[in-house]
Amino acid sequence: MISKNELALRRIPFSSLKSSTEAFIDYCLPECRPKFNYALIGSGVSQNPNQPVNIREPHGFQLGGVSIPNGKFNTAHMHFTCEVFLCFKGNWLIQWGFNPSCETAEIAELDIISIPTWIYRGFKNIGVDDGFLFTALGGDKTGGVLWGPTTIDAAQKNGVYLTKNHQMVDTTRGETKPPKEELFEPMTTSEIDQLKKWSVAEMSSRIVRFNELKWSKSGLLDCSIPGCGAQVAAVIGLGMAEDVNLHSKITNSHGVSIEWLRIPIGGQVSKHFLNEKQVVICKKSEIQIQLEASDGEYVTTLKGNEDGWDTFSIPSKCWRVFKNIGTEEALLAVLISGDQRKTITWSDDVVRKANELGITKDANGYVAEKRFVERAQ
Ligand SMILES: [Fe+2]
């Protein structure tokens, strides 16, 4: 178990985020800047060695954020692990393919899209200037970024070069142009042509729009207990939900599961325990998190409002309670490490209260009516 002081370091208030506007080679392109890149959790995905990171501890995935003003782009690049965009503000045009034209899909606030690996992708802000995407990249080591040929050519025309070692060399700042043999070699258009092509219809299977979510009223053992009432909606992978009929739309391996959790005013998710690291981002309302530390109880709050969205990384093997102490229904994005199904252990008190309401968990860990579970032998 970790101490209260160590837990306090896992709180990431939105106001504490520090951006880099020179994280990647596209910083030199007028159509791309200013781009504010944030690295919240993980080793950080950036080609700028000075990129600030809030929590470097490996989580099995990276959590970042990005904001660019209306009309600006993040140009075509490729990743080897999943890249998920969680739209927390604004409207965005997601682009992919780039051979040479691209396919597109629009996403709006609260939509989530998982871009397949091994395709070129980019995005454009088509909404408010302070639109914001949280980004989740799979793996502790993502393998880095491959920039597309158009971006590399455009950067060179602006005097900025990328080396094979992924160093950015800016000749407009007096740095020396690297010799040709040391320059990064982007894929050619014919090589890009060999990559799998994702149609708009195929990509729509990787977008989970908020208005299409299925909210489970029996997704947690304590939901029916007075004063609780939280609901879960599955988005990516196998998460913590305990509803046998709740399934994520996106099911391939990401190294992380993503679910939405909403808690009514005054409601809570009662005392429970997870083996995995769990990252929560508060989108709406104010959440009080109570965690069991080695030296007592650690209590903190996360807020989600027009000023931003606070994040907390709960360590593995930790007892926790979430309470909505705000004045509106709380909404949290919940990211849990690993592809396996996550099994919640509830406190004895929760199990007893649920049992009194005729509710239990079946042998498979799903919420069920106690009378049927007991009838089996
Ligand atoms: Fe990316």
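Structure above, values below:
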quantity	calculated
Residue check for ARG33: assigned by TED's automatic domain parsing to the domain that holds THR188 and over 18 Å from GLY138 (Cα atoms)	yes
Any chance LEU220 is assigned by TED's automatic domain parsing to the domain that holds ASN305, over 16 Å from HIS79 (Cα atoms) and either of a type in the set (A, V, I, L, M) or within 16 Å of the ligand (Cβ to nearest atom) (or both)	yes
Any hit, the range 172-191, residues being β-branched (Val, Ile, Thr), in contact with a Phe, Trp or Tyr (Cβ under 7 Å, 6 or more places away or on another chain) and either modelled with pLDDT under 95 or not in a loop (DSSP other than H, G, I, E, B) (or both)	no
Where a residue in the range 218-241 is of a type in the set (S, T, N, Q) and its partner, wherever it lies, is assigned to a loop (DSSP other than H, G, I, E, B), with Cβ under 6 Å and at least six apart	SER218/ASP243; SER224/LEU357; GLN231/TRP215; GLN231/LYS217
Counted residues, the range 104-144 - those being among the aliphatic types (A, V, I, L, M) and either free of Cβ contacts under 8 Å to residues at least 40 places away in the same chain or surrounded by fewer than 19 Cβ atoms within 10 Å (Cβ to Cβ) (or both)	4
From the options ASP339, ASP310, residue that is surrounded by 21 or more Cβ atoms within 10 Å (Cβ to Cβ), of a type in the set (Asp, Glu) and within 30 Å of THR135 (Cα to Cα)	ASP310
Filtered residues of the range 216-228 (kept if closer than 21 Å to THR343 by Cβ and in a loop (DSSP other than H, G, I, E, B))	LYS217, SER218, GLY219, LEU220, LEU221, ASP222, CYS223, SER224, ILE225, CYS228
Given (1) within 28 Å of SER257 (Cβ to Cβ); (2) β-branched (Val, Ile, Thr); (3) surrounded by fewer than 21 Cβ atoms within 10 Å (Cβ to Cβ); (4) away from the ligand (no atom under 12 Å from the Cβ), index of the condition THR21 fails	(1)
Flag for LYS277 being buried (at least 20 other Cβ atoms within 10 Å of the Cβ), in the same structural domain as THR360 (by TED's automatic domain parsing), out of contact with any Lys or Arg (no Cβ under 8 Å at 6 or more places or on another chain) and farther than 27 Å from LYS361 by Cβ	no
Single match in VAL269, VAL321, VAL351, VAL299 (criterion: buried (at least 22 other Cβ atoms within 10 Å of the Cβ), over 20 Å from the mean Cα position of the chain (by Cα), in the same structural domain as SER218 (by TED's automatic domain parsing) and more than 24 Å from ILE113 (Cβ to Cβ))	VAL269
In the range 119-158, the residues that are away from the ligand (no atom under 15 Å from the Cβ) and either β-branched (Val, Ile, Thr) or outside the structural domain of TRP92 (by TED's automatic domain parsing) (or both)	ILE126, VAL128, THR150, ILE152
Looking only at the range 75-86, and only at residues there that are over 17 Å from SER205 (Cβ atoms), hydrophobic (A, V, I, L, M, F, W, C) and surrounded by fewer than 24 Cβ atoms within 10 Å (Cβ to Cβ), the one that is nearest to the ligand (Cβ to nearest atom)	MET78
Conditions (1) among the hydroxyl-bearing types (Ser, Thr, Tyr); (2) more than 16 Å from the ligand (Cβ to nearest atom); (3) surrounded by 14 or more Cβ atoms within 10 Å (Cβ to Cβ); (4) part of a loop (DSSP other than H, G, I, E, B): number failed by TYR161	(4)
Residue within the range 90-108 that is closer than 21 Å to LYS141 by Cα and away from the ligand (no atom under 15 Å from the Cβ) present	no
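The values are calculated or read from the model by the stated rules, or taken from the named source; none is laboratory data. This is a predicted model, so every value here is computed, not measured. Using ideal geometry, Cβ is built from the backbone for each residue, glycine included, and neighbour counts are taken over all protein chains shown.
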